[in-house]
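Bear in mind that the values in this text are calculations on the coordinates, not laboratory data. All values reported here derive from a predicted model rather than from experimental measurement. Cβ coordinates were reconstructed from backbone atoms using ideal geometry, including for glycine residues, and neighbour counts include every protein chain displayed.
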Amino acid sequence: MYLNVAEIESAITSLHGAYPASSETIDLPHLTHDGRATRLLRVGTRQSDEVPAILLLGGMHAREWVPPDALISLAADLLEAHDIGTGLGYGESTFTAAQVERVLEELNLFFLPCVNPDGRHFSQTTSAMWRKNRRPAPEGSVGPSCVGVDLNRNFDFVWDHKAKFAPDADVHTSDKPCDPQVYRGPAAASEPETRNVVWALDSHPRIRWMVDVHSAVPVILHNWGSDQNQSTTPSDNFRNPDLDTVRGRPDDGIGEFIAEPDLKSAVELAERMNDAARAVRGVDYGVEPAYGLYPTSGTSDDYAYSRHVTDPADAKVYGFTIECGDTFQPVFSEAEQVIREVSAALLALALNAPEVAED
Ligand SMILES: [Zn+2]
């Protein structure tokens with residue numbers, strides 16, 4: 001059975017209660033529109049400022065029921081295995097006790113299993129295919145689809161798609177509140193759920209990698225999503241207003257800058273995640289830049305990686321999105337297989353990230 005919102009919160013409480021020396025709960029500052037509080041569960045034996053860290057997000061899109069369960073499951077597996085000194089196995093993807101120990105003693109993993117609890121509750125009780133959060137409909141907008149913002153279009157990265165992209169770029173974003181899927185919100189980072197993710201990054205400068213777990217394709221995505229990657233012209237980037245009329249077009253010779261070593265590191269880590277996921281039962285997720293077939297704006301993964309460009313005082317945070325499984329709400333026996341794939345992928349990231357990072 002899938003966890004409901006209350007069960008996710010109680011799982012965080014009981015995991016920290018059972019393993020107080022290797023975990024911590026951290027209250028996020030912003031309540032959701034329906035008044036719900038969310039927390040981070042930090043897994044690791046060292047303090048937040050002592051070792052590099054990975055931020056793991058799930059449940060941003062309400063109807064994607066597997067990712068929050070996957071993150072709670074991985075946190076529980078890691079804490080238990082570390083405590084009793086065993087390894088972990090997901091199908092043919094296996095991790096030794098020494099590897100588990102390394103993850104908990106050389107890194108911190110910050111779990112935010114359910115970014116959008118209002119949306120999940122609504123999806124699990126009222127409207128299964130709901131995607132957005134539950135921001136009340138704006139004055140004068142009538143109809144159930146006028147509620148909510150797509151949180152993964154709300155981050156402060158080329159958020160204003162009408163100003164920041166070529167008119168013919170096929171950006172999958174909307175400025176219409178009644179768009180049932182991809183309404184970007186009234187302003188960048190307008191949503192409390194978005195601001196909680198930003199707060200998590202601001203408050204934990206040792207975070208160097210972020211994975212936003214979604215469903216369902218399957219695929220593993222790395223930066224960028226705004227345009228095709230290029231590593232030759234640093235000035236062709238998201239901060240350059242000269243590109244606002246051309247951003248997002250495919251194969252026009254103008255792309256978003258990513259330094260060669262960063263791209264190499266991002267691809268390498270995504271490949272390690274894919275190898276581990278595939279070993280579970282043979283499903284090849286594949287690795288792609290988030291741009292894929294069309295450009296996106298306001299997404300969490302690009303926001304995370306853009307921070308150090310916008311403000312060089314911020315740490316460089318590589319952003320990944322795992323699109324797990326191939327349906328939003330598979331029967332739970334299938335969900336358990338997908339959870340194993342996600343768990344294996346994230347453990348592979350944790351084991352490889354510190355070595356692959358260039359700086
Ligand atoms: Zn999603």
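Taking 0.36 nm per residue of separation and subtracting the Cα-Cα distance, full extension of the segment from residue 311 to residue 163 would add 51.1 nm.
For the chain, modelled as a GNM whose springs connect Cα atoms under 10 angstrom apart, the maximal fluctuation among 37, 163, 313 occurs at 313.
Multiply the residue gap between residue 244 and residue 92 by 0.36 nm, knock off their C-alpha separation, and tell me the result in nm, one decimal place. Each step should come with its number before you reach the end.
On the way: separation 152, 0.36 × 152 = 54.72 nm, distance 4.67 nm.
Result for the pair: 50.1 nm of gain on full extension.
With springs connecting C-alpha atoms under 10 Å apart, model the chain as a Gaussian network and identify which of 348, 76, 21 has the largest mean-square fluctuation. Maximum fluctuation in the GNM of the chain, among the listed residues, is at 21. For residue 176, give me every one of the lysines with a C-alpha distance below 16 angstrom, ignoring sequence neighbours fewer than eight places off in its own chain. Residue 176 reaches 132, 162. Approximating the spin labels as points 7 Å out from Cα along Cα→Cβ, the residue 199-to-residue 231 distance works out to 3.8 nm. Here the Gaussian network model covers the chain, with springs between Cα atoms less than 10 Å apart; of 298, 282, 44, 282 fluctuates the most.
With both residues required to sit in the chain, DSSP beta bridges show an antiparallel share near 40%. Spacing of the modelled spin labels on residue 190 and residue 260, each 7 Å from Cα toward Cβ, amounts to 4.3 nm. Before rounding to the nearest 500, sum -39500 (n - 2.57) across all DSSP H runs of length at least 4 in the chain and divide by the residue total; then give [θ] at 222 nm in deg cm²/dmol. Helices in the chain give a 222 nm mean residue ellipticity of -11500 deg cm²/dmol.
What FRET efficiency, computed as 1/(1 + (r/R0)^6) with R0 = 45 Å and r the Cβ-Cβ distance, is obtained for residue 141 and residue 14, rounded to the nearest 0.05? My answer for the efficiency is 0.65. Projecting the Cα positions of 137, 148, 158 onto the charge dipole of region 84-158 (unit charges on Cβ atoms of Lys, Arg, Asp and Glu, taken about the Cα centre) puts 137 furthest along the positive direction. The Cα center of region 19-40 and the Cα center of region 163-181 differ in position by 32 Å. Of all complete DSSP H helices in the chain, those with a Cα span along the helix axis of 30 Å or greater and a mean Kyte-Doolittle hydropathy of -0.5 or more are 332-356.
Counting only residues at least eight positions apart within a chain, or on another chain, the lysines with an alpha carbon under 21 Å from that of residue 264 are 316.
With contacts taken as Cα pairs under 8 Å and at least 6 residues apart, region 5-356 reaches a relative contact order of 21 percent. One compactness figure for region 5-356 is 0.94, namely its Cα radius of gyration divided by 2.2 N^0.38 Å. In plain terms, the chain from residue 27 to residue 293 could stretch by 92.0 nm, reckoned as 0.36 nm per residue minus the Cα-Cα distance. Among the cysteines of the chain, those whose beta-carbon sits 4.7 Å or more from every other cysteine beta-carbon are 114, 324. Averaging the Cα positions of each part gives two centres, and for region 215-251 and region 185-208 these lie 21 Å apart.
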